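Structure first, then comments.
The values are calculated or read from the model by the stated rules, or taken from the named source; none is laboratory data. What you see is a predicted model, and the numbers here were worked out from it, not measured in a lab. Don't worry about glycine lacking a Cβ; one is built from the backbone with ideal geometry, like all the others, and counts go over all protein chains shown. Just the protein is used for accessible areas: all its heavy atoms, side chains included, with ligands, DNA and RNA removed. Shrake-Rupley method; radii C 1.70, N 1.55, O 1.52, S 1.80 Å.
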Amino acid sequence: MVSKIRVLLGMLVLLALAIGAIALLAAMKASAAWFTIVPLGILFVGASVVRSLGWFDKKAGR
């Protein structure tokens, strides 16, 4: 099973990182393609890493 609270918190942290990356890209005056690639990469790669570490799984007995 998946802990919904952990998924929500994990995705909020990844969303905050993606928004921070957008702000950094805007400060650097990056091209428009980077505004799509970097935040989506943070969300997808971050979510898959966190899931593979087992952080989204409920602990047994709860």
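Quick one: helix 32-52 against the long Cα principal axis of the chain, what's the angle to the nearest 10°, folded into 0 to 90?
Computed tilt is about 20 degrees.
Any chance you could list P(r) for the chain, counting all Cα-Cα pairs in 10 angstrom bins from zero, rounded to whole %?
Once binned at 10 Å, the Cα pair distances of the chain give 22, 42, 23, 11, 3, 0.
Starting from the Cα-Cα distance between ILE19 and VAL2, subtract it from 0.36 nm times their residue separation and give me the gain in nm to one decimal. Kindly include the intermediate steps, with their values, before the conclusion.
Working: separation 17, 0.36 × 17 = 6.12 nm, distance 2.54 nm.
Here the segment from ILE19 to VAL2 would lengthen by 3.6 nm.
222 nm [θ] for the chain, helices only, -39500 (n - 2.57) per DSSP H run of 4+, per residue, to 500? Don't skip to the answer; put the middle values down first.
On the way: 2 runs with 45 residues, N = 62.
Helices in the chain give a 222 nm mean residue ellipticity of -25500 deg cm²/dmol.
Tell me the carbon and sulfur percent of the accessible area for segment 1-60, rounded to whole percent, probe radius 1.4 Å.
Working: 3450 of 4490 Å².
The nonpolar share, carbon plus sulfur, comes to 77 percent.
Chymotrypsin sites (Phe, Trp or Tyr not before Pro), restricted to the chain: which are DSSP loop and have at most 15 other Cβ atoms within 10 Å?
On the way: sites: TRP34, PHE35, PHE44, TRP55, PHE56; in loops: TRP55, PHE56.
Those satisfying the criteria are TRP55.
Could you check the simple spin-label distance between LEU12 and ALA47, using points 7 Å along Cα→Cβ, in nm with one decimal?
1.7
How far is helix 4-27 tilted off the main Cα axis of the chain, in degrees rounded to 10, range 0 to 90?
Tilt of helix 4-27: around 10 degrees.
Give me the dipole magnitude in Debye, nearest 20, for the chain about the Cα centre, with unit charges on the beta carbon: positive for Lys and Arg, negative for Asp and Glu.
Working: 7 positive and 1 negative charges, 62 e Å.
Dipole of the chain, to the nearest 20 debye: 300 debye.
Provide the per residue accessible area, probe 1.4 Å, for the chain, rounded to a whole number of square angstrom. Numbers along the way, then the final one.
Values: 4790 Å² over 62 residues.
For the chain, the per-residue accessible area is 77 Å².
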